[in-house]
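Trainee: Quick one: this structure, given as structure tokens, is what I'll be asking you about.
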Amino acid sequence: MLSSQPELDACYSNMMRWISDEYHGLNGSQYEVLETPPSPLEFARLVQISRPVLIKGYKVPAQTLWSNNYLIECMGDQKISVAVTPDGRADAITAGQDGREYFTEPHVQQMTMAEFLLKISSDKKGDVLYVQTQNGNLYPSGYFDPSSRDGSSECEKLRRDAPSEISWCSEALGRSPEAVNVWVGDSRSMTSVHSDPFENIYTVVRGTKHFTLFPPTEAWCLKERSYPHATYTCDTPISPLKLSPTNYPPVRWSSIINPDDSTTLPSGAHPIHITLHAGDTLYLPVGWWHYVRQSGDITIALNWWYDLQMRGAQWVWLSFLRGMGKDVMSGNPAQMNNADTTEKG
């Protein structure tokens, strides 16, 4: 006899909680701290374990060179893409004036490094600016592809201060990064909780980053929902930002706005909190959920994304833990319609 859908959903929920409890029982909420960068063999073992690791002592020239004046002089008139939001929450769930919640992307403005740093240093009450393009704004994928004719990027003038790859990581994984990114913002910017299909090496150059992490086994705690898509727009350069719905497909995203607020999480959630200061590096394994805040007048970071190896069972396992292929509820249940009640993962 076939089970009803509510019975199947209850079975799935119980199974996810059991997997989560078993994983936490074996691993706890601890994380390893290395006082020096690992060898390729040591890092390969860390990847196999797939737990976050705080790494001390990884040096890049940017850590001693990237003052405001240096960045301004080095970048000159080169324009960079800057995310602009009213509250520092780009790529996040935001309430619209119609009462619905949307997955909202930032407005993007082009400006020089001098213009950006002046605004971020002087205007603490206006719109929040953040360099967070995530497309390889230092080294894009084309840089690593021998067949590509374009490896250029917005921040390529800064390449002399940051390597294109990390030797102990590239050797262990047997490949170059997919992209290398520069992140620049202040304490008002934050990154909403999400997971990435990359092995991530994240180094703080200036300031402090605060990571809240969840293992892939706790995906169920983050309550992914389906949200209509929107973006911030402005009619003129001096107009206020407004949230503008788009015709893009719904986006599957965590409905937990602030996982640092324990009252918003199920009792089965076990967040791990790691703070990175200038000179610290985090190994963030593929599939780990992360929410990121920063402190300090200006915080700068670099990260190297190494693509997930699709062979084997890892991607299937991560997709299973997220419930991909399973319908998710609408993020606006009181206003559901046939167009966006669920989204297939």
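Trainee: Considering only region 91-103, state which residues are farther than 18 Å from His290 by Cα and in a strand (DSSP E or B). Don't jump to the end; show me each part of the working.
Mentor: So in region 91-103, the residues farther than 18 Å from His290 by Cα come out as 94-102.
Once the filter is applied, which keeps residues that are farther than 18 Å from His290 by Cα and in a strand (DSSP E or B), region 91-103 yields Thr94, Ala95, Glu101, Tyr102.
Trainee: Related question: Mind checking which pairs have a first residue in region 311-329 that is over 22 Å from Ala10 (Cβ atoms) and a second that is of a type in the set (Gly, Ala, Ser), Cβ under 6 Å, 6 or more apart or different chains?
Mentor: Within 6 Å, the pairs are Leu318/Gly287.
Trainee: Here's a follow-up. Inspect all residues belonging to region 288-296 and state whether any of them is free of Cβ contacts under 8 Å to residues at least 40 places away in the same chain and of a type in the set (Ser, Thr, Tyr). Even if it seems obvious, please write down each step before you answer.
Mentor: Of the residues in region 288-296, the ones free of Cβ contacts under 8 Å to residues at least 40 places away in the same chain are none.
Looking for residues that are free of Cβ contacts under 8 Å to residues at least 40 places away in the same chain and of a type in the set (Ser, Thr, Tyr), one finds none in region 288-296, hence no.
Trainee: Turning to a different aspect of this structure: Mind counting the residues in region 146-163 that are closer than 11 Å to Cys74 by Cα and without any contact (Cβ under 8 Å) to a residue 40 or more places away in the chain?
Mentor: As a first pass, look at region 146-163 and keep what is closer than 11 Å to Cys74 by Cα: 155-161.
From what is left, the residues that are without any contact (Cβ under 8 Å) to a residue 40 or more places away in the chain are 156, 159.
Looking only at that region, the number is 2.
Trainee: Continuing with this model, one more query. Just give me the residues in region 318-337 being in a helix (DSSP H, G or I) and either surrounded by 13 or more Cβ atoms within 10 Å (Cβ to Cβ) or in contact with a Lys or Arg (Cβ under 7 Å, 6 or more places away or on another chain) (or both), in sequence order. Spell out how you get there, then give the answer.
Mentor: If we filter region 318-337 for residues that are in a helix (DSSP H, G or I), which is where we start, we get 318-322, 333-335.
Listed by number, the residues that qualify are Leu318, Ser319, Phe320, Leu321, Arg322, Gln335.
Trainee: Among the candidates Thr217, Thr236, which residue alone is at pLDDT 95 or above, outside any strand (DSSP E or B) and among the hydroxyl-bearing types (Ser, Thr, Tyr)?
Mentor: Numbers: Thr236 fails: at pLDDT 95 or above.
The match here is Thr217.
Trainee: For region 223-240, does any single residue satisfy the condition of being touching a helix residue (DSSP H, G or I) at 6+ places or on another chain (Cβ under 6 Å), of a type outside the set (Asp, Glu) and under 30 Å from Leu46 (Cα atoms)?
Mentor: Pass one, region 223-240, residues touching a helix residue (DSSP H, G or I) at 6+ places or on another chain (Cβ under 6 Å): none.
Looking for residues that are touching a helix residue (DSSP H, G or I) at 6+ places or on another chain (Cβ under 6 Å), of a type outside the set (Asp, Glu) and under 30 Å from Leu46 (Cα atoms), one finds none in region 223-240, hence no.
Trainee: Within region 288-302, identify whether any single residue is at pLDDT below 95 and part of a helix (DSSP H, G or I), and answer yes or no.
Mentor: no
Trainee: Spot the failing condition for Ser13; the list is (1) modelled with pLDDT of 95 or more; (2) among the polar types (S, T, N, Q); (3) assigned to a helix (DSSP H, G or I), and only one is missed.
Mentor: (1)
Trainee: Exactly one condition in (1) part of a loop (DSSP other than H, G, I, E, B); (2) free of Cβ contacts under 8 Å to residues at least 24 places away in the same chain is not met by Tyr70; state its number.
Mentor: Looking at each condition in turn, Tyr70 falls short on (1).
Trainee: Another question about this same structure. Filter region 224-271 down to the residues that are in contact with a Ser or Thr (Cβ under 7 Å, 6 or more places away or on another chain) and free of Cβ contacts under 8 Å to residues at least 40 places away in the same chain, then identify the one that is farthest from Arg322 (Cα to Cα).
Mentor: The qualifying residue farthest from Arg322 (Cα to Cα) is Lys242.
Trainee: Another question, if that's okay. Within region 184-207, identify whether any single residue is out of contact with any strand residue (DSSP E or B) (no Cβ under 6 Å at 6 or more places or on another chain), of a type in the set (Phe, Trp, Tyr) and at pLDDT 95 or above, and answer yes or no.
Mentor: no
Trainee: Still on this structure, please answer the following. Taking the options Gly151, Gly142, name whichever one is at pLDDT 95 or above and not in a strand (DSSP E or B). So that I can check it myself, show each step before the final result.
Mentor: Working: Gly151 fails: at pLDDT 95 or above.
Within the list Gly151, Gly142, the selection yields Gly142.
Trainee: For residues in region 20-65 being farther than 14 Å from Pro215 by Cα and aromatic (Phe, Trp, Tyr), which is surrounded by the fewest Cβ atoms within 10 Å (Cβ to Cβ)?
Mentor: Going through the qualifying residues, I end up with Tyr58.
Trainee: Going through region 305-317 one residue at a time, which ones are in a loop (DSSP other than H, G, I, E, B) and not small (Gly, Ala, Ser)? Step through it out loud before you land on a result.
Mentor: Of region 305-317, the ones in a loop (DSSP other than H, G, I, E, B) are 308-313.
The answer is Leu308, Gln309, Met310, Arg311.
The values are calculated or read from the model by the stated rules, or taken from the named source; none is laboratory data. The model shown is predicted, which means the values in this text are computed figures rather than measured ones. No Cβ is skipped: glycine too gets one built from the backbone with ideal geometry, and neighbour counts run over all protein chains shown.
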